[in-house]
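The values are calculated or read from the model by the stated rules, or taken from the named source; none is laboratory data. None of the values given here were measured: they were computed from a predicted structure. Cβ: placed from backbone, ideal geometry, glycine included. Neighbour counts: every protein chain shown. Just the protein is used for accessible areas: all its heavy atoms, side chains included, with ligands, DNA and RNA removed. Shrake-Rupley method; radii C 1.70, N 1.55, O 1.52, S 1.80 Å.
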Amino acid sequence: MAAGKNVAGKLGCYRKIEMRVGKMSKVILTGDRPTGKLHVGHYVGSLRRRVELQDSGEYEKIFIMIADAQALTDNADNPEKVRQNIVEVALDYMACGLDPAKSTLLIQSQVPELCELSFYYMNLVTVSRLQRNPTVKAEIQMRNFEASIPVGFFTYPISQAADITAFQATTVPVGEDQMPMLEQTREIVHKFNSVYGETLVEPQILLPDNEACMRLPGIDGKSKMSKSLGNCIYLSEEPDEIRKKVMSMFTDPNHLRVEDPGSLEGNTVFTYLDAFCEDGHFERYLPEYANLDELKEHYKRGGLGDVKVKKFLNQVLQEELEPIRNRRKELQKDIPYVFEVLKKGSEEAEKTAAKTLDAVRAAMKIDYFSDGELLKEQTEKYKGA
Ligand code: TRP
């Protein structure tokens, strides 16, 4: 009898270890709000990396989420905008090389488990902690929400923690602006695990490895590329538009004549070259320079005109964006396929999230009907009363 118990205990222990090892397998979750088509800022800041990670074969699961519920936190009165951009974002994803055979593409609102997780996590976060979240602070200012912040918007970092933890993500490849969200998520994971026992996986952020990619400015050079500022180059843009936008880019305002020395500081054209260009581009389009360093040196010395640099950048961008645009056009011919991908992906994602939710409910002791323990305990309590 005692021996039998021992064996069972051991098996239980092995099972725990197995679960741990299982949990350690690498899983990616990331996503975007569907409020517009994706642009080259998204591309260098995250999309390009996602495709590399997908093709590296190092990750057991990759979840790419269209965060429509999050988009609604500050677009509650404009559901049509969110609805229209679901397919746009999915097309951009697949055009960039995210492959539904390797990555699960899902729509956030179609996984209701995420709401329930958020609801429980809300008990683990204070109002003052949310108020200190730098990204939320900046967004509140940008949207003039100061006097009337929607509660859903204010708490979206909690819902983002639910997104990440629901899929047991180990790795979250995002831009620098998402750092506070990851910090908040890690705090929630710590708190949850210390109060209710080891249940959730602590995620790591994976940032772009190049400074220019972190915060690609808009073509006006003023701030980050953003739809509302009208300073974007979209992934689906036609060649002529790309050329026009590149030729109108902000450079060094003091670089008036070709002979003048130029400055690279805040020079948008060079920031884009930092983000996009490789030595091979020089071989193909500007063989008199070996690499970007040589081009920069010449610009700083003087004697290199903006137009020449812009023409080169245009060639680089055209080369990079052409295959994406062409793949997008192919995909546009079969929208039912895109729908099928999203539907299947959302269903698969829900299964994963449901498993995490089960574990969360068990840890929080709200799994009343799952194992009969509570029934036994309460029956025992009132026996002979
Ligand atoms: N906040 C992200 C954005 O604004 C979108 C997002 C929602 C996300 N949930 C996520 C990103 C989870 C990474 C992980 O683009």
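See the values below:
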| item | result |
| --- | --- |
| Count of residues meeting criterion [part of a helix (DSSP H, G or I) and either among the β-branched types (Val, Ile, Thr) or touching a residue at least 60 places away in the same chain (Cβ under 8 Å) (or both)] in the stretch 93-108 | 4 |
| Conditions (1) more than 15 Å from the chain's Cα centre (by Cα); (2) crowded, with 18+ Cβ neighbours inside 10 Å; (3) closer than 23 Å to Asp68 by Cβ: number failed by Met122 | (2) |
| Residues of the stretch 175-212 classified as crowded, with 22+ Cβ neighbours inside 10 Å and either of a type in the set (Val, Ile, Thr) or more than 15 Å from the ligand (Cβ to nearest atom) (or both), total | 3 |
| Tally, over the stretch 30-50, of residues that are away from the ligand (no atom under 13 Å from the Cβ) and touching a helix residue (DSSP H, G or I) at 6+ places or on another chain (Cβ under 6 Å) | 2 |
| Inter-residue pairs, beta-carbon under 6 Å, first without any contact (Cβ under 8 Å) to a residue 40 or more places away in the chain and within 10 Å of the ligand (Cβ to nearest atom) and in the stretch 58-73, second open to solvent by less than 30 Å² (accessible area, probe 1.4 Å) and assigned to a loop (DSSP other than H, G, I, E, B), 6+ apart | Ala71/Pro34 |
| Which numbered condition Gln84 fails, given (1) within 16 Å of the ligand (Cβ to nearest atom); (2) open to solvent by 10 Å² or more (accessible area, probe 1.4 Å) | (1) |
| Considering residues of the stretch 147-174 that are within 11 Å of the ligand (Cβ to nearest atom) and open to solvent by 10 Å² or more (accessible area, probe 1.4 Å) only, the residue farthest from the chain's Cα centre (by Cα) | Ser159 |
| Glu320 more than 22 Å from Gln108 (Cβ to Cβ) and open to solvent by less than 90 Å² (accessible area, probe 1.4 Å) | yes |
| Subset of the stretch 64-76 [open to solvent by less than 20 Å² (accessible area, probe 1.4 Å) and touching a Phe, Trp or Tyr at 6+ places or on another chain (Cβ under 7 Å)] | Ile64, Gln70 |
| Condition check for Lys61: surrounded by fewer than 23 Cβ atoms within 10 Å (Cβ to Cβ) and at pLDDT 95 or above | yes |
| Number of the exception - Asn144 against (1) open to solvent by 20 Å² or more (accessible area, probe 1.4 Å); (2) touching a residue at least 24 places away in the same chain (Cβ under 8 Å); (3) not acidic (Asp, Glu) | (2) |
| Residue that is surrounded by the fewest Cβ atoms within 10 Å (Cβ to Cβ), among those in the stretch 243-278 that are touching a strand residue (DSSP E or B) at 6+ places or on another chain (Cβ under 9 Å) and not aromatic (Phe, Trp, Tyr) | Gly266 |
